[in-house]
Amino acid sequence: MAHSNGWHFFMNPGPTNIPDRILRAMDRGTLDFTGAAFKEISDECFAGLQRVFKTKQPILGYAATGHGAWEAALVNLFSPGDKVLIVESGYFSLNWGLRAESFGLEVETLANDWRRPADPAKLEARLRDDKNHEIKAVLAVHNETSTGVRNPVAAMRQAIDDAKHPALFCVDVISSLGSFDFRMDEWGVDVVVVGSQKGLMLPTGMAFTGVSAKAIAATAMAKLPRVYWDWRRLLSGDPRQGYWNGTAPVHFFYGLRESLRMLEEEGLENVFARHHRLAEATRRAVRTWRQNDGPEIFATDPDGQSDTVTAVLMPDGYDADAVRTQCLEKFNVSLGGGLGHLRGKLFRIGHLGDLNETMVLGSIATVEMALDLTGVPHGRGGVVAAMEYLTTGA
Ligand code: PLP
């Protein structure tokens, strides 16, 4: 039985903590979603999202989870039999591919070690080989939430350009946007997919796609059936989303407006620096636990270690879910589990969204106690290592 005193520490890599300011902003009466007052709020939100996406191109919203925005990208861009290249990074990248397969697309997977970031040179070589340009799009996940590996999106764009390949570049930024650097226009991303419940600190249930002119042009050729997701309908001649299917989720927009104000008050660069600091503190702790053949950071390449989630790989023979259960049931701290074939092999500490040093230290201390309680070998002093980093920055 989970205990109920004090705060529940929700340290999954999404959904994330919803700040009181956002909860309070949503705590109001209904507004006519067809009226001018709502239009003003929604315009402020889409303009704010453009600044966070770092784009001047349209962003479209849906009442959906990230899975919905994945699907929107597929049905708006492709026709049955079209070929797409999935850059493998982990559970989420492969899942996007499975969905593409369900829609009758031909899916090729660019295989990659889940512990390392994608290799742009490998992407370039595969695209150079595709002389007839059969590959219509490259689909990748910026931050693979299942592994804690960050992919080099700018270098992947460069690889596509160096191969002189016309494929669309579609990137899932579900666990990176608003937490670490992403630049839709500068990095030449054609379709950007995100949900509300991570860096944007909102409840789960809204999703967005940023769409380039090239992506909108591809929409006109795509033959997969679509109604709710149809970008042409949503745009309806307006450079911002001019049309909403059904009732607009007004309360989400109240929350989103507050979230965007919070991100901009803190300053995106400061938000990114905070995420980096908290991530590094977490990594210092895990590196300390690694002693005595203890758990280790799943992502092996320091350049690819995510600033929003650290996946912690257990030593052979030890169950990650036993550690998670101790954390939750004894200490009221919830961690993410391993996904797919990594179930039971790793746990994931989310360090994104509305989070500070104390919350991270509390969670690390809890994991350290749970390692003790479950008899997992580990180096002692992970919390001290994190504290030293947070106080000295070195
Ligand atoms: N892609 C990534 C990278 C994710 O982390 C997630 C969820 O955690 C998804 C896609 C799926 O998003 P949702 O759960 O909102 O459908």
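The values are calculated or read from the model by the stated rules, or taken from the named source; none is laboratory data. Since the structure is predicted, the reported quantities are computational estimates derived from the model, not experimental observations. Glycine gets a Cβ as well: all are built from the backbone with ideal geometry, and neighbour counts include every protein chain shown. We work out accessible area using only protein heavy atoms, side chains counted, and drop any ligands, DNA or RNA first. Shrake-Rupley method; radii C 1.70, N 1.55, O 1.52, S 1.80 Å.
Some points to look at:
- Only protein atoms count toward the accessible area here, which uses a 1.4 Å probe; on segment 1-122, the carbon and sulfur part of that area reaches 55 percent.
- Measuring how big segment 66-114 is from its alpha-carbon positions, Rg and Dmax come out at 10.4, 30 Å.
- Within the accessible area of segment 151-238 (1.4 Å probe), percent carbon and sulfur: 60
- Partner aspartates and glutamates for LYS198 [C-alpha distance under 12 Å; skip if fewer than 8 residues away on the same chain]: ASP354
- Highest to lowest packing among 42-49, 187-194, scored as the average C-beta count within 10 Å: 187-194, 42-49
- Per-residue 3J(HN,Hα) values for segment 243-248, derived from phi via the Karplus relation 6.51 cos²θ - 1.76 cosθ + 1.60 with θ = phi - 60°, read 9, 10, 6, x, 6, 6 Hz in sequence order (x marks Gly and Pro).
- Distance in nm between pseudo-label sites at ASP238 and LYS39 (7 Å out along the Cβ direction from Cα): 0.7
- Segment 293-394: proportion of alpha-carbon pairs further apart than 22 angstrom, %: 26
- Distance between the C-alpha centres of segment 65-117 and segment 185-219: 15 Å, rounded to the whole angstrom.
- From phi via Karplus (6.51, -1.76, 1.60), per-residue ³J(HN,Hα) for segment 294-306 in Hz, x at Gly/Pro: x, x, 9, 5, 5, 6, 8, 8, x, 5, x, 7, 6
- Once both labels are positioned 7 Å from their Cα atoms along Cα-to-Cβ, the gap between LYS214 and GLU388 label points is 4.8 nm.
- Listed peptides 295-304, 153-162 by packing density, highest first (mean Cβ within 10 Å): 153-162, 295-304
- Accessible area of segment 245-394 divided out per residue, in Å², using a probe of 1.4 angstrom: 39
- Rounded accessible area of SER102 (nearest 10 Å², 1.4 Å probe): 100
- For segment 377-394, putting each phi into the Karplus relation 6.51 cos²θ - 1.76 cosθ + 1.60 with θ = phi - 60° gives couplings of x, 6, x, 8, x, x, 5, 4, 4, 5, 4, 4, 5, 5, 8, 9, x, 10 Hz, in residue order, rounded to whole numbers and with x for Gly and Pro.
- Probe 1.4 Å, all protein chains present, accessible-area order of ARG324, ARG257, ARG51, largest first: ARG51, ARG324, ARG257
- ARG116, ARG274, ARG283, ARG99, reordered so the largest accessible area comes first (probe 1.4 Å): ARG116, ARG99, ARG274, ARG283
- Cross-link partners for LYS330 among the lysines, with Cα-Cα distance under 22 Å and sequence neighbours closer than 8 places in the same chain left out: LYS345.
- If the segment from SER102 to HIS8 were pulled out straight at 0.36 nm per residue, it would be longer than the present Cα-Cα gap by 30.0 nm.
- Here the chain carries DSSP beta bridges of which approximately 50% are antiparallel, counting only pairs with both residues inside.
- Per residue solvent-accessible surface (Å²) - segment 24-166, probe of 1.4 Å: 41
- Heavy-atom accessible area for HIS133, with the other protein chains in place and a 1.4 Å probe, reaches approximately 70 Å².
- Taking a ≥ b ≥ c as the square roots of the eigenvalues of the Cα gyration tensor, segment 102-168 is classed as oblate, since a/c reaches at least 1.5 and a/b does not exceed b/c.
- The local environment of ASP172, defined by Cβ-Cβ distances under 14 Å, has a net charge of -1 under the rule Lys, Arg +1 and Asp, Glu -1.
- Projected-area average for segment 140-252 over all orientations - Cα convex hull basis, square nanometres: 8.4
- Kirkwood radius, segment 207-298, all distinct C-alpha pairs, inverse of mean reciprocal distance: 17.7 Å.
- Projected onto its three principal axes, the C-alpha set of segment 155-218 covers 40, 25, 13 Å, listed from the longest axis down.
- For the chain, the alpha carbon positions stretch 59, 56, 38 Å along the principal axes, listed from largest to smallest.
- In a fully extended conformation the segment linking THR204 and ASP354 would gain 52.5 nm over its present Cα-Cα distance, using 0.36 nm per residue.
- Within the straight-line cut-off of under 23 Å between alpha carbons, the lysines reachable from LYS136 are LYS83, LYS122, LYS164, LYS214, LYS223, sequence neighbours fewer than 8 places apart in one chain being disregarded.
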